[in-house]
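Student: Structure below; questions to follow.
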Amino acid sequence: MRTDYESNTGVMHSRLEREARTVGAMVAIYCRGRHGTKDGLCPDCRELLAYSLARLEKCRFREEKPNCADCPVHCYKPSMREKVREVMRYAGPRMVLRHPILALFHILNGLKRPPDIHGRD
Ligand SMILES: [Zn+2]
């Protein structure tokens, strides 16, 4: 289900596309800040991002997907989940300054209740 707010913007086409951009932006902020990478991502962060995007593509909720932090399904393997949480912790507050629109969507989406996983496929 889409809210009017989302469908009226027309900038971000889909929930998943926006999530992918958000994750990419966050990993980039994290890698630059923590690993001192000047251009692109270091091999570790590239692997993490590739993993995240692959999980995202397979996400069962598709357009109804909640933010990963609120999701009732934990599809990340533990080592990757730890890494991604660290990235979120570091990049979350910085997103508001660098990517205010993406951060806003992310916050708004966090206010929605996660979908009910029962009785669904
Ligand atoms: Zn890195």
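Student: Quick check on the range 33-61: of everything there that is surrounded by 13 or more Cβ atoms within 10 Å (Cβ to Cβ) and more than 14 Å from the ligand (Cβ to nearest atom), which residue is modelled with the highest pLDDT?
Tutor: Top of the filtered list is LEU53.
Student: Now for a separate question. Are there any pairs with C-beta distances below 8 angstrom linking a residue in the range 37-48 that is under 16 Å from VAL23 (Cβ atoms) to a residue that is outside any helix (DSSP H, G or I) and near the ligand (Cβ under 9 Å from one of its atoms), with the two at least 6 apart or on different chains, and if so which?
Tutor: CYS45/THR37
The values are calculated or read from the model by the stated rules, or taken from the named source; none is laboratory data. Note that this is a predicted model, so its numbers are computed, not measured. Please note: Cβ atoms are built from the backbone with ideal geometry, for glycine as well, and neighbour counts cover all protein chains shown.
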